[in-house]
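Read the figures in this text as sums done on the coordinates, not as results from a lab. Since the structure is predicted, the reported quantities are computational estimates derived from the model, not experimental observations. Here Cβ is always computed from backbone atoms with ideal geometry, including for glycine, and neighbour counts include all displayed protein chains.
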There are 2 protein chains.
Amino acid sequence: MKELTDRIKNNGRVLGEGVLKVDEFITHQVDPELMDAMGKRLAEVFADKKITKVVTIEASGIAPAVYAAQALNVPMIFARKSKSLTMDEELLTASVYSFTKQVTSTISISRKFLSAEDNVLLVDDFLANGQAAKGLIELCQQAGASVAGIGILIEKSFQDGRQLIEDMNIPVVSLARIASLHDGKIIFIEEDA
Amino acid sequence: MKELTDRIKNNGRVLGEGVLKVDEFITHQVDPELMDAMGKRLAEVFADKKITKVVTIEASGIAPAVYAAQALNVPMIFARKSKSLTMDEELLTASVYSFTKQVTSTISISRKFLSAEDNVLLVDDFLANGQAAKGLIELCQQAGASVAGIGILIEKSFQDGRQLIEDMNIPVVSLARIASLHDGKIIFIEEDA
């Protein structure tokens, strides 16, 4: 998506260790118009898949997910990274290992919000090693829900996430695919979602 | 806002200890159309205030804040509850005491995103004792930014939050004001934002 790749070129910043910082418009400060456009684009790609729910994980996934859900006219659910005081019901839970933080955390969704009738579009801001996506897929599977696909804003194609998800026969659509971040330079895979 | 109070009547649920659960449409599962309407309503109320940024706190504040920011045509910033790996810059930080969890946590915003030129609208899903709002106000003050007001979806008017904020001469606008939650019954303050 040219709007996104242009913005990454202009406002993204490469830190060491393959980290791309997009805190000016996605992960900390948010550009609502760009988010709306990205959510609509993901909804468009999955428009014929009879999606019943959009599922993401707090916090950076919420903005793109809510716009995608709005365009698909379905509810959005955000998985919690910690148990909330008011989550008294039965929970779907999965463990997510973070390579960067080297810790395993538990993500959860109230069981009442997902069922075998659901056909889910997963949305997240980044796809790197795919561990968060894998955790969200596990939550859906526990509920017996189908996962129609995963829509990603920025994919680090030099990491294993896409392969991991595609090996589960789940389609991955990324609005920007990054081939490498060597020497502080952002190289995109030139293909447009 | 009738759309919200109706929804609370239909889908809200009172737990013990003055807790109102709205996880079907705000805090866990999200209704995008209602969020859009609420964000637009808050934007409308503050339309003539020359707002330059909408500021909220992760995670439940993000959806209403991004719609309010979009309607005001300004960026949205969400304060982080924990330090992110890629937050390498100077941070504005404030301590927030949670009465329910009885712990103090640190919230932060990168200093580069707020300046003395900014006129901020704060947005959050709940106003109860006002500690989160107070923390967000402190972050803005550290940056020298003005706080034009705070827009809230659901105010628990039987707690001290509104008084605390109004004592700082900051206008509070809440789309639904709850007078009490006694005996599992939701009583609204009948006044419409």
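Fewest neighbouring Cβ atoms within 10 Å first, the residues A:15, B:139, B:91 line up as A:15, B:91, B:139.
Near residue B:57, the amide H atoms lying under 5 Å from its own belong to B:79; only residues 5 or more places off or on other chains count, and H is placed 1.01 Å from N. The Kirkwood radius of region B:75-150, taken over pairs of alpha-carbon atoms, gives through the Stokes-Einstein law at 37 °C and 0.692 mPa s a diffusion coefficient of 255 µm² s⁻¹. For B:97, A:67, the sequence from fewest to most other C-beta atoms within 10 Å is B:97, A:67. The GluC sites (Glu not before Pro) of region B:16-85 meeting both criteria, a DSSP state outside H, G, I, E and B (loop) and at most 16 other C-beta atoms within 10 angstrom of the site's C-beta, are B:17. Once Rh for the protein assembly as shown is found with the Kirkwood sum over Cα pairs, what is the Stokes-Einstein diffusion coefficient at 4 °C and 1.567 mPa s, in µm²/s? D, rounded to a whole number, is 61 µm²/s.
Its residues counted as N, region B:148-193 yields a C-alpha radius of gyration over 2.2 N^0.38 Å of 1.17. In loop segments of region A:64-168 as defined by DSSP, the GluC sites (Glu not before Pro) with at most 12 further C-beta atoms inside 10 Å of their C-beta are A:89, A:90, A:117. In a fully extended conformation the segment linking residue B:49 and residue B:182 would gain 44.2 nm over its present Cα-Cα distance, using 0.36 nm per residue. Axis of helix B:131-142 versus longest Cα principal axis of chain B: the two differ by about 20°, to the nearest ten degrees.
Counting only alpha carbon atoms, the long axis of helix A:62-72 and the longest principal axis of chain A meet at about 70°.
The same position residue A:19 in the other copies lies at 3.5 nm from this copy, comparing label points 7 Å beyond Cα toward the beta-carbon, shortest first. Measuring nothing but how far apart in sequence close Cα pairs (under 8 Å, 6+ apart) lie, relative to its length, region A:2-188 scores a relative contact order of 19 percent. Placing +1 on the Cβ of every Lys and Arg and -1 on the Cβ of every Asp and Glu, with no other charges, gives region B:111-170 a dipole of roughly 140 debye about its Cα centre. Residue by residue along A:32-45, Cβ atoms of other protein chains within 10 Å of the local Cβ number 2 on average. Count, for each residue of B:19-29, the Cβ atoms from other chains sitting within 10 Å of its Cβ, then give me the mean as a whole number. Going residue by residue through B:19-29 and averaging, the value is 5. Using the alpha-carbon atoms, what tilt in degrees (0 to 90, nearest 10) does helix B:2-11 show relative to the longest principal axis of chain B? Between the helix axis and the principal axis of chain B, the angle is about 60 degrees.
Per-residue mean of foreign Cβ neighbours for A:64-77 is 4 (Cβ atoms of other chains, 10 Å radius). Listing A:104, B:100, B:52 from fewest to most neighbouring C-beta atoms within 10 Å gives A:104, B:100, B:52. For chain B, the Kirkwood hydrodynamic radius from C-alpha pairs, put into Stokes-Einstein at 4 °C and a viscosity of 1.567 mPa s, yields a diffusion coefficient of 77 µm² per second.
Under the convention that each Lys and Arg Cβ holds +1 and each Asp and Glu Cβ holds -1, the size of the dipole of region A:11-111 around its Cα centre is about 260 debye.
Annotation note: trypsin sites (Lys or Arg not before Pro) in region B:100-193 located in DSSP loop regions with a Cβ neighbour count of at most 13 within 10 Å are B:101, B:185.
DSSP assigns beta bridges within chain A; of those with both partners inside it, close to 40 percent run antiparallel.
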